[in-house]
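The values are calculated or read from the model by the stated rules, or taken from the named source; none is laboratory data. Computed from a predicted structure; not experimentally measured. Cβ coordinates were reconstructed from backbone atoms using ideal geometry, including for glycine residues, and neighbour counts include every protein chain displayed.
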Amino acid sequence: MKTLLIIAIVAVIVIVIKACVSGSQLGNDPSRPNVEKLKLEKSNDKIIVVTNADHNDIKKALTEFCNIYNKNDYAAQPRLWQLSANSFAVTFPYDVDFATYCFAVNFLKYPMDIKWNAKVYAWCTTHTEDQWITEKSASKTVMLYLAADDKEYDNVFLTTQDNIGYKLGFAVGHETQLLDAAKETFKTPAVTIESLKDKKFEDFQ
């Protein structure tokens, strides 16, 4: 029995290592699909605020994110704004689907090959057709983040403007979990897309 347990543990470790290596390879591969990039900006209110981060690190993280998610099409074309020496805003001028947006929030909290303790919060208005959105969270402004006690690393947490909490899991069967109480109370962003218009930015694709 002990031998079988050891074999099972080793197998899990090998799978995790292979997944990490695969993700790292994708993150370092700058190839892009032979399709046209989005050129017309689309109005939306999706904004991610990252604090306690280094400029070069967040540029690297966004590059790796695009390397992974823009393999088949241009799923995300983020725009980076520097707010201060160690705080940034990330917007999506061509819009992005809600699931990919959640992936971006998670990725910026847990980037590959970057050691940081950045704080990552995001906001947007949800729609009924968005993945993982329910009747209680649809058509509301929501805040997305990673909970302080999160140890799974493959989800995001959501708090609606009226403080209904969800855990949105990326694993099959764990996608939308209504919480008894939100992990964090909803707060409005300190910066808006409108307030960024006169600032310099960097585009990623």
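Computed values, structure above
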{"read-out": "Count of residues meeting criterion [modelled with pLDDT of 95 or more and among the basic types (Lys, Arg)] in segment 37-52", "value": "2"}
{"read-out": "Residues within segment 71-90 that are in contact with a Pro (Cβ under 8 Å, 6 or more places away or on another chain) and either surrounded by fewer than 21 Cβ atoms within 10 Å (Cβ to Cβ) or among the acidic types (Asp, Glu) (or both), tallied", "value": "6"}
{"read-out": "Residue that is surrounded by the fewest Cβ atoms within 10 Å (Cβ to Cβ) [pool: residues in segment 164-175 that are free of Cβ contacts under 8 Å to residues at least 40 places away in the same chain and within 24 Å of Val90 (Cα to Cα)]", "value": "Gly169"}
{"read-out": "Inter-residue pairs, beta-carbon under 7 Å, first under 9 Å from Tyr166 (Cβ atoms) and in segment 130-141, second surrounded by 13 or more Cβ atoms within 10 Å (Cβ to Cβ) and at pLDDT below 95, 6+ apart", "value": "Trp132/Glu175"}
{"read-out": "Residue count, segment 127-156 (criterion: of a type in the set (S, T, N, Q) and under 15 Å from the mean Cα position of the chain (by Cα))", "value": "2"}
{"read-out": "Top-ranked residue in segment 169-205 [being in contact with a helix residue (DSSP H, G or I) (Cβ under 8 Å, 6 or more places away or on another chain) and of a type outside the set (S, T, N, Q); ranked as farthest from Asp57 (Cα to Cα)]", "value": "Phe170"}
{"read-out": "Residue count, segment 112-149 (criterion: assigned to a strand (DSSP E or B) and among the basic types (Lys, Arg))", "value": "1"}
{"read-out": "Every pair of residues 6+ apart whose Cβ atoms lie under 6 Å, when the first sits in segment 42-71 and is under 9 Å from Gly27 (Cβ atoms) while the second is surrounded by fewer than 16 Cβ atoms within 10 Å (Cβ to Cβ)", "value": "Asn67/Asp29; Asn67/Pro30; Ile68/Leu26"}
{"read-out": "Residue in segment 136-150 that is surrounded by 19 or more Cβ atoms within 10 Å (Cβ to Cβ), touching a His at 6+ places or on another chain (Cβ under 9 Å) and either within 21 Å of Lys60 (Cα to Cα) or not charged (D, E, K, R) (or both) present", "value": "no"}
